[in-house]
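*Asks:* This is the structure I want to talk about, given as C-alpha coordinates.
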Amino acid sequence: MEKGILSEYDELDIDDFLQKIEKSYNIDMKNDEIQIETIGQFIDYIFSKLTSKKYSNKEECSSQYIFYNLREIISENRIFSREKLSTKTKLDIIFPIIKRKKQILLLEQKIGFKINALTTPLFYNLLLMLTIIVTILSIFINIFSSTFMWSSFLFSSVLICLSNPLTIVFKDKTIGELTKRIERENYIDSQKNKNTYNKKEVEKNITDLFIDYFDLQKSNINRETKL
(Lines give C-alpha, C1' and ligand atoms only; values in the text may rest on other atoms or scores of the structure.)
Protein backbone atom coordinates (compact mmCIF):
# COMPACT_ATOMS: atom_id res chain seq x y z
CA MET A 1 0.00 0.00 0.00
CA GLU A 2 1.35 3.41 -1.02
CA LYS A 3 2.42 5.61 1.89
CA GLY A 4 0.98 9.11 2.12
CA ILE A 5 3.09 12.27 2.29
CA LEU A 6 2.15 12.79 5.95
CA SER A 7 2.99 9.26 7.10
CA GLU A 8 6.40 10.36 8.45
CA TYR A 9 5.00 13.26 10.49
CA ASP A 10 3.56 13.11 14.00
CA GLU A 11 0.15 14.37 15.09
CA LEU A 12 1.55 17.60 16.55
CA ASP A 13 2.98 18.64 13.18
CA ILE A 14 -0.28 17.83 11.40
CA ASP A 15 -2.37 19.63 14.06
CA ASP A 16 -0.18 22.72 13.70
CA PHE A 17 -0.64 22.62 9.92
CA LEU A 18 -4.43 22.34 10.29
CA GLN A 19 -4.44 25.30 12.68
CA LYS A 20 -2.71 27.37 10.01
CA ILE A 21 -5.43 26.40 7.52
CA GLU A 22 -8.16 27.27 10.04
CA LYS A 23 -6.57 30.66 10.70
CA SER A 24 -6.07 31.49 7.04
CA TYR A 25 -9.63 30.62 5.97
CA ASN A 26 -11.43 31.49 9.20
CA ILE A 27 -12.93 28.02 9.58
CA ASP A 28 -13.17 25.36 12.30
CA MET A 29 -12.34 21.70 11.59
CA LYS A 30 -12.03 20.40 15.17
CA ASN A 31 -15.32 18.49 15.47
CA ASP A 32 -15.58 17.20 11.89
CA GLU A 33 -15.43 13.46 11.27
CA ILE A 34 -14.52 12.91 7.63
CA GLN A 35 -12.45 10.54 5.54
CA ILE A 36 -9.84 12.34 3.43
CA GLU A 37 -7.22 10.41 1.44
CA THR A 38 -5.78 12.89 -1.07
CA ILE A 39 -4.78 16.56 -1.28
CA GLY A 40 -7.62 17.11 -3.77
CA GLN A 41 -10.18 15.75 -1.30
CA PHE A 42 -8.74 17.98 1.43
CA ILE A 43 -9.00 21.06 -0.82
CA ASP A 44 -12.60 20.17 -1.74
CA TYR A 45 -13.35 19.81 1.97
CA ILE A 46 -12.03 23.35 2.56
CA PHE A 47 -14.27 24.57 -0.30
CA SER A 48 -17.26 22.95 1.44
CA LYS A 49 -16.39 24.73 4.70
CA LEU A 50 -16.20 28.08 2.88
CA THR A 51 -19.51 27.39 1.15
CA SER A 52 -21.16 26.51 4.47
CA LYS A 53 -20.15 29.96 5.74
CA LYS A 54 -21.86 31.42 2.65
CA TYR A 55 -18.65 32.80 1.20
CA SER A 56 -19.04 33.39 -2.54
CA ASN A 57 -16.57 32.64 -5.33
CA LYS A 58 -14.95 35.65 -7.05
CA GLU A 59 -12.67 36.37 -9.97
CA GLU A 60 -10.48 39.15 -8.53
CA CYS A 61 -6.79 38.58 -7.81
CA SER A 62 -6.07 38.65 -4.07
CA SER A 63 -2.32 39.17 -4.34
CA GLN A 64 -2.85 42.28 -6.47
CA TYR A 65 -5.23 43.80 -3.91
CA ILE A 66 -2.89 42.93 -1.01
CA PHE A 67 0.07 44.55 -2.76
CA TYR A 68 -1.90 47.72 -3.59
CA ASN A 69 -3.12 47.88 0.01
CA LEU A 70 0.40 47.51 1.41
CA ARG A 71 1.70 50.10 -1.05
CA GLU A 72 -0.94 52.62 0.00
CA ILE A 73 -0.20 52.17 3.71
CA ILE A 74 3.56 52.39 3.17
CA SER A 75 3.34 55.54 1.04
CA GLU A 76 0.66 57.30 3.11
CA ASN A 77 2.76 56.88 6.25
CA ARG A 78 5.88 58.11 4.43
CA ILE A 79 7.77 54.88 4.97
CA PHE A 80 8.82 54.57 1.33
CA SER A 81 8.12 56.31 -2.00
CA ARG A 82 5.06 54.97 -3.82
CA GLU A 83 6.70 55.53 -7.23
CA LYS A 84 9.74 53.43 -6.32
CA LEU A 85 7.76 50.55 -4.80
CA SER A 86 7.24 47.38 -6.86
CA THR A 87 6.78 43.69 -6.07
CA LYS A 88 10.55 43.23 -6.54
CA THR A 89 11.54 45.95 -4.03
CA LYS A 90 13.52 44.44 -1.17
CA LEU A 91 12.02 44.73 2.31
CA ASP A 92 15.41 45.72 3.74
CA ILE A 93 15.30 48.82 1.55
CA ILE A 94 11.69 49.74 2.40
CA PHE A 95 12.06 49.36 6.16
CA PRO A 96 15.32 50.77 7.67
CA ILE A 97 16.70 48.51 10.38
CA ILE A 98 16.42 51.05 13.21
CA LYS A 99 12.72 51.79 12.52
CA ARG A 100 11.81 48.33 11.27
CA LYS A 101 9.96 46.91 14.28
CA LYS A 102 7.91 50.08 14.80
CA GLN A 103 7.01 50.36 11.11
CA ILE A 104 5.93 46.72 10.81
CA LEU A 105 3.76 47.17 13.92
CA LEU A 106 2.14 50.19 12.26
CA LEU A 107 1.59 48.15 9.09
CA GLU A 108 -0.14 45.41 11.08
CA GLN A 109 -2.38 47.95 12.82
CA LYS A 110 -3.45 49.40 9.49
CA ILE A 111 -4.25 46.08 7.79
CA GLY A 112 -5.88 44.67 10.93
CA PHE A 113 -3.93 41.46 11.58
CA LYS A 114 -0.41 40.23 12.36
CA ILE A 115 1.78 39.28 9.40
CA ASN A 116 4.69 37.83 11.42
CA ALA A 117 7.16 39.32 8.95
CA LEU A 118 10.15 39.46 11.31
CA THR A 119 12.41 36.84 12.83
CA THR A 120 15.85 36.56 14.44
CA PRO A 121 18.89 34.97 12.75
CA LEU A 122 19.94 31.47 13.75
CA PHE A 123 23.35 32.68 14.98
CA TYR A 124 21.62 34.99 17.46
CA ASN A 125 19.58 32.13 18.91
CA LEU A 126 22.71 29.97 19.14
CA LEU A 127 24.56 32.78 20.90
CA LEU A 128 21.69 33.19 23.34
CA MET A 129 21.81 29.46 24.08
CA LEU A 130 25.56 29.60 24.62
CA THR A 131 25.21 32.52 27.03
CA ILE A 132 22.59 30.61 29.04
CA ILE A 133 24.90 27.58 29.24
CA VAL A 134 27.80 29.75 30.42
CA THR A 135 25.58 31.34 33.07
CA ILE A 136 24.40 27.94 34.33
CA LEU A 137 27.98 26.70 34.53
CA SER A 138 29.01 29.74 36.55
CA ILE A 139 26.23 29.03 39.06
CA PHE A 140 26.38 25.26 39.46
CA ILE A 141 30.06 24.56 38.86
CA ASN A 142 32.58 25.99 41.26
CA ILE A 143 34.86 27.59 38.66
CA PHE A 144 34.72 31.31 39.34
CA SER A 145 38.15 31.94 37.93
CA SER A 146 39.01 35.29 36.44
CA THR A 147 39.20 33.83 32.94
CA PHE A 148 35.80 32.22 33.22
CA MET A 149 34.16 35.36 34.55
CA TRP A 150 35.61 37.44 31.73
CA SER A 151 34.37 34.89 29.19
CA SER A 152 30.89 35.09 30.67
CA PHE A 153 31.03 38.87 30.54
CA LEU A 154 32.16 38.75 26.90
CA PHE A 155 29.27 36.50 25.88
CA SER A 156 26.77 38.79 27.62
CA SER A 157 28.28 41.87 25.99
CA VAL A 158 28.10 40.36 22.52
CA LEU A 159 24.50 39.36 23.16
CA ILE A 160 23.60 42.91 24.16
CA CYS A 161 25.31 44.30 21.05
CA LEU A 162 23.28 41.93 18.88
CA SER A 163 19.99 42.68 20.62
CA ASN A 164 16.98 44.38 19.02
CA PRO A 165 16.59 46.09 16.68
CA LEU A 166 19.78 44.93 14.99
CA THR A 167 18.84 41.25 15.08
CA ILE A 168 15.44 41.74 13.48
CA VAL A 169 15.42 40.37 9.93
CA PHE A 170 12.66 39.59 7.43
CA LYS A 171 11.35 36.12 6.65
CA ASP A 172 10.83 37.24 3.04
CA LYS A 173 13.19 39.11 0.72
CA THR A 174 10.80 41.29 -1.31
CA ILE A 175 7.42 42.99 -0.88
CA GLY A 176 6.10 40.56 -3.52
CA GLU A 177 7.16 37.55 -1.43
CA LEU A 178 5.58 39.11 1.65
CA THR A 179 2.37 39.68 -0.33
CA LYS A 180 2.23 36.01 -1.32
CA ARG A 181 2.83 34.83 2.24
CA ILE A 182 0.09 37.12 3.59
CA GLU A 183 -2.29 35.69 0.98
CA ARG A 184 -1.33 32.13 1.92
CA GLU A 185 -1.43 32.55 5.71
CA ASN A 186 -4.19 35.17 6.13
CA TYR A 187 -6.38 34.59 3.10
CA ILE A 188 -9.80 35.69 4.36
CA ASP A 189 -8.55 38.58 6.51
CA SER A 190 -6.53 39.97 3.59
CA GLN A 191 -9.52 40.17 1.20
CA LYS A 192 -11.17 43.43 0.25
CA ASN A 193 -14.53 41.70 0.68
CA LYS A 194 -14.11 39.20 3.50
CA ASN A 195 -17.09 37.11 2.34
CA THR A 196 -15.46 36.06 -0.92
CA TYR A 197 -12.72 33.73 -2.16
CA ASN A 198 -11.16 32.65 -5.45
CA LYS A 199 -11.21 28.86 -5.89
CA LYS A 200 -8.06 28.78 -8.03
CA GLU A 201 -6.18 30.89 -5.48
CA VAL A 202 -7.33 28.78 -2.54
CA GLU A 203 -6.30 25.54 -4.25
CA LYS A 204 -2.86 26.93 -5.13
CA ASN A 205 -2.33 28.43 -1.65
CA ILE A 206 -3.23 25.22 0.17
CA THR A 207 -1.01 23.16 -2.15
CA ASP A 208 1.87 25.61 -1.62
CA LEU A 209 1.34 25.47 2.15
CA PHE A 210 1.61 21.66 2.04
CA ILE A 211 4.86 21.98 0.08
CA ASP A 212 6.40 24.66 2.31
CA TYR A 213 5.30 23.33 5.69
CA PHE A 214 6.21 19.68 5.08
CA ASP A 215 9.22 20.47 2.84
CA LEU A 216 7.87 18.50 -0.14
CA GLN A 217 8.97 18.38 -3.78
CA LYS A 218 6.60 20.59 -5.80
CA SER A 219 6.81 18.34 -8.86
CA ASN A 220 5.44 15.38 -6.86
CA ILE A 221 2.39 17.19 -5.44
CA ASN A 222 -1.03 17.26 -7.16
CA ARG A 223 -4.70 16.62 -6.33
CA GLU A 224 -4.18 12.82 -6.47
CA THR A 225 -1.27 12.87 -3.98
CA LYS A 226 -1.98 10.56 -1.05
CA LEU A 227 -2.01 12.05 2.44
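The values are calculated or read from the model by the stated rules, or taken from the named source; none is laboratory data. Not measured: the values here are computed from a predicted model. Ideal geometry is used to build each Cβ from the backbone, glycine not excepted, and the neighbour counts take in all protein chains shown. Only protein heavy atoms, including side chains, enter the accessible area calculation; ligands, DNA and RNA are left aside. Shrake-Rupley method; radii C 1.70, N 1.55, O 1.52, S 1.80 Å.
*Asks:* Among the residues of the stretch 102-119, write down those that are free of Cβ contacts under 8 Å to residues at least 40 places away in the same chain, in contact with a helix residue (DSSP H, G or I) (Cβ under 9 Å, 6 or more places away or on another chain) and either among the charged types (D, E, K, R) or open to solvent by less than 30 Å² (accessible area, probe 1.4 Å) (or both).
*Replies:* Hits for the stretch 102-119 are Q103, L107, K110, K114.
*Asks:* Of everything in the stretch 3-14, what is closer than 19 Å to E37 by Cβ and not small (G, A, S)? Give them in sequence order.
*Replies:* K3, I5, L6, E8, Y9, E11, D13, I14
*Asks:* Keeping to the stretch 72-88, report how many residues are in contact (Cβ under 8 Å) with a residue 24 or more places away in the chain and either of a type in the set (K, R) or within 12 Å of T179 (Cα to Cα) (or both).
*Replies:* Residues meeting the conditions: 3.
*Asks:* Now, a different point. Looking only at residues that are assigned to a loop (DSSP other than H, G, I, E, B) and charged (D, E, K, R) in the stretch 84-101, which one is least open to solvent (accessible area, probe 1.4 Å)?
*Replies:* K99
*Asks:* Please identify the pairs in which a residue from the stretch 161-178 that is aromatic (F, W, Y) has its Cβ atom under 6 Å from the Cβ atom of a residue that is at pLDDT 95 or above and not in a loop (DSSP other than H, G, I, E, B), counting only partners at least 6 apart or on another chain.
*Replies:* Short answer, once both residue conditions are applied: F170/L91.
*Asks:* Quick one: is E59 under 30 Å from K226 (Cα atoms) and not small (G, A, S)?
*Replies:* Against the criterion (under 30 Å from K226 (Cα atoms) and not small (G, A, S)), E59 qualifies.
*Asks:* Among the residues of the stretch 48-83, count how many are part of a helix (DSSP H, G or I), among the β-branched types (V, I, T) and within 20 Å of K102 (Cα to Cα).
*Replies:* 2
*Asks:* Do you know which of the residues in the stretch 49-83 that are loosely packed, with under 12 Cβ neighbours inside 10 Å and among the small types (G, A, S) is farthest from N193 (Cα to Cα)?
*Replies:* That would be S81.
*Asks:* Hey, another quick one. Could you say which residue among Y9, Y25 is touching a helix residue (DSSP H, G or I) at 6+ places or on another chain (Cβ under 7 Å), in contact (Cβ under 8 Å) with a residue 60 or more places away in the chain, under 28 Å from K226 (Cβ atoms) and of a type in the set (S, T, Y)?
*Replies:* Y25
*Asks:* Could I ask something else about it? Given the options D16, D44, D28, name the one that is under 29 Å from I111 (Cβ atoms), assigned to a helix (DSSP H, G or I) and charged (D, E, K, R).
*Replies:* Among D16, D44, D28, only D16 is under 29 Å from I111 (Cβ atoms), assigned to a helix (DSSP H, G or I) and charged (D, E, K, R).
*Asks:* Next question, about the same structure. Taking I34 and the conditions (1) surrounded by fewer than 12 Cβ atoms within 10 Å (Cβ to Cβ); (2) touching an Asp or Glu at 6+ places or on another chain (Cβ under 9 Å); (3) of a type outside the set (S, T, Y), which numbered condition does it fall short on, given that it satisfies the others?
*Replies:* (2)
*Asks:* Return the total of residues in the stretch 1-23 being open to solvent by 100 Å² or more (accessible area, probe 1.4 Å) and within 20 Å of the chain's Cα centre (by Cα).
*Replies:* Of the residues in the stretch 1-23, 3 are open to solvent by 100 Å² or more (accessible area, probe 1.4 Å) and within 20 Å of the chain's Cα centre (by Cα).
*Asks:* Just for the stretch 45-60: of the residues that are free of Cβ contacts under 8 Å to residues at least 40 places away in the same chain and under 12 Å from M29 (Cβ atoms), which one is farthest from the chain's Cα centre (by Cα)?
*Replies:* If we take residues in the stretch 45-60 being free of Cβ contacts under 8 Å to residues at least 40 places away in the same chain and under 12 Å from M29 (Cβ atoms), then S52 is farthest from the chain's Cα centre (by Cα).
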